[in-house]
1. Looking only at residues in the stretch 213-249 that are among the aliphatic types (A, V, I, L, M) and open to solvent by 30 Å² or more (accessible area, probe 1.4 Å), which one is farthest from the chain's Cα centre (by Cα)?
2. Looking at the stretch 117-131 only, could you name the residues that are in contact with a Gly (Cβ under 7 Å, 6 or more places away or on another chain) and either open to solvent by 30 Å² or more (accessible area, probe 1.4 Å) or in contact (Cβ under 8 Å) with a residue 60 or more places away in the chain (or both)?
3. Check the stretch 78-97 and report whether any residue there is closer than 26 Å to Leu178 by Cβ and free of Cβ contacts under 8 Å to residues at least 40 places away in the same chain.
4. May I ask you to verify whether Arg462 is of a type in the set (D, E, K, R) and under 34 Å from the mean Cα position of the chain (by Cα)?
5. Report the residue count in the stretch 43-79 for those that are charged (D, E, K, R), in contact with a helix residue (DSSP H, G or I) (Cβ under 6 Å, 6 or more places away or on another chain) and farther than 23 Å from Leu122 by Cβ.
6. Filter the stretch 46-72 down to residues that are over 24 Å from Ser161 (Cβ atoms) and exposed (fewer than 15 other Cβ atoms within 10 Å of the Cβ) and give me whichever is modelled with the lowest pLDDT.
7. Taking the residues in the stretch 80-98 that are touching a helix residue (DSSP H, G or I) at 6+ places or on another chain (Cβ under 6 Å) and open to solvent by 30 Å² or more (accessible area, probe 1.4 Å) as candidates, determine which candidate is farthest from Leu36 (Cα to Cα).
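The values are calculated or read from the model by the stated rules, or taken from the named source; none is laboratory data. Remember, it's a predicted structure, so these values are computed and weren't measured experimentally. Cβ placement follows ideal geometry from the backbone for every residue including glycine, while neighbour counts extend to all protein chains displayed. SASA here: full protein model, heavy atoms, side chains in, ligands and nucleic acids out. Shrake-Rupley method; radii C 1.70, N 1.55, O 1.52, S 1.80 Å.
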Amino acid sequence: MLSRTWSASLLGIDAVKVGVEVDIAGGLPGIVVVGLPDTAVQESRERVKTALKNAGYAFPMRKVVVNLTPADLRKEGPSFDLPISVGILAASEQVSPALLEHYLFLGELSLDGALRPVAGVLAIAATAKRLGIKGVVVPADNAREAAVVQGIDVYGFQHLSEVADFLNEPNRYQPLQLDGLQELSRSQARPLDLKDVKGQAHARRALEIAAAGGHNLIFVGPPGSGKTMLARRLPGILPALSFEEALEVTQIYSVAGLLKEKGALVGDRPFRSPHHSASGPSLVGGGSFPRPGEISLAHRGILFLDELTEFKRDVLEFLRQPLEDGCVTISRTRQSVFFPAQFTLVASTNPCPCGYFGDTVQPCTCSPRQREAYWAKLSGPLMDRIDLQVAVNRLKPEEMVQQTTGEPSKTVRERVEQARDRARHRFQQDNLRCNAEMQSRHLKQWCALDDATRTLLENAIRKLGLSARATDRILKVGRTIADLAGDEQVQTPHIAEAIQYRTIDRMQ
């Protein structure tokens with residue numbers, strides 16, 4: 001007898017519907033799986049056979065052929081265990097096939113028939129809804145994740161026998177209902193507060209501008225000046241994720257298999273801080289079956305690169321295209337996979353190998369040639385893409401011992417949200433979220449300069465040797481400073497302040 005059920009295979013952060021056809025016919029007992037399965041899918045033959053027996057079902061002592069369609073799409077992972085098992089049960093008339101056409105099945109099987117969670121369930125549930133499938137049947141541990149997608153029935157089960165009972169008597173079970181907005185609110189944590197930072201008014205101002213405009217930022221200063229402390233407080237002044245943004249981020253974490261530690265929905269803006277020994281593929285994504293890297297895991301959030309000059313230069317060069325395009329495309333022989341990567345880059349580094357160049361207390365022991373080689377690790381095109389370049393100095397003794405706290409993150413975040421609201425209203429026809437996403441045509445329209453301001457910018461370009469890209473970044477930062485001030489036009493003080501944040505472009 002022939003049966004057909006549905007499952008799905010991940011392709012980047014999306015999913016492709018996969019048909020699971022099972023035919024039981026004469027021949028030597030055994031299971032044959034065709035349709036370009038990987039090793040994990042091939043191994044499902046033994047898991048399925050053992051799980052069916054231990055769950056109390058008869059395994060047909062005939063030849064079982066499983067075909068995964070479309071045949072030219074590579075199928076990977078253990079998530080096909082459940083649909084293959086259901087197909088065998090339906091083909092051997094142990095469960096009713098009536099619901100198979102209307103549901104998508106997904107899950108790994110233990111040898112005793114228990115269902116184990118798999119990666120990418122949110123992406124698959126979203127695909128099922130888009131294709132008009134009535135519902136999904138998943139392991140219980142994945143049910144809340146799938147239920148975040150509204151408008152589709154989600155059934156979560158602990159054991160294969162429960163799935164069989166559902167197919168035979170569906171009226172006994174109710175789909176899981178989940179309030180997405182309530183789940184988003186529940187998953188939001190309390191970030192670090194900016195009030196803990198002593199002094200550093202210039203750096204705090206740069207953080208506020210970066211948050212308001214989505215601008216990339218680098219802190220340069222001696223050890224112990226508070227660079228990392230400042231960077232880790234940036235998420236606390238960013239606007240909260242909208243529900244649509246949270247779904248985007250959650251989908252990426254689901255595909256990467258990291259959602260279990262985050263809950264059903266990622267409620268906070270990501271803050272990723274890879275070690276400086278990270279490889280290029282771990283940063284941008286990749287592998288035989290491409291998975292998202294750190295830049296995609298930082299989507300809608302922060303990618304923090306501490307000790308930037310300790311990263312390999314070729315690894316840092318991987319960042320150039322994602323910083324410009326907000327996405328990364330990984331090409332393989334059979335397919336190309338797209339991952340979103342709209343993140344804010346925040347970096348920190350010492351000014352020289354010993355760390356004390358320009359310090360007022362500790363003398364620098366580096367030669368000019370050593371400092372030049374140190375900064376040569378950061379290419380000009382990469383530095384051009386960093387909007388705010390901020391020197392962080394050592395705290396004064398009186399600042400270290402002061403008892404008063406700084407301005408709290410809540411107050412700063414209110415100003416940031418107001419500036420973002422102005423930008424959102426301005427770009428409502430262009431689907432842009434912040435000033436950092438502006439293109440050339442937006443700069444001409446929203447960053448028009450008067451004669452005095454234009455002359456100031458021209459002089460800065462000549463003196464600092466700025467590229468066209470760096471000039472555009474100054475205009476974007478000036479637009480954000482104007483938004484924070486509540487001004488409609490970009491004026492001379494706004495551009496003057498923006499130019500200050502390019503003064504270490506050629507630091508050696």
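1. Of everything passing the filter in the stretch 213-249, Met229 is farthest from the chain's Cα centre (by Cα).
2. Ala119, Lys129
3. The answer is yes; a qualifying residue exists.
4. no
5. 1
6. Checked the stretch 46-72; the qualifying residue modelled with the lowest pLDDT is Asp72.
7. Among residues in the stretch 80-98 that are touching a helix residue (DSSP H, G or I) at 6+ places or on another chain (Cβ under 6 Å) and open to solvent by 30 Å² or more (accessible area, probe 1.4 Å), the one farthest from Leu36 (Cα to Cα) is Ser96.
Table: residues versus (1) of a type outside the set (D, E, K, R); (2) in contact with a Leu (Cβ under 6 Å, 6 or more places away or on another chain); (3) touching a residue at least 24 places away in the same chain (Cβ under 8 Å).
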position: Ile13; (1), (2), (3): yes, no, yes
position: Glu21; (1), (2), (3): no, no, yes
position: Ala25; (1), (2), (3): yes, no, yes
position: Gly30; (1), (2), (3): yes, no, yes
position: Val34; (1), (2), (3): yes, no, yes
position: Thr50; (1), (2), (3): yes, yes, yes
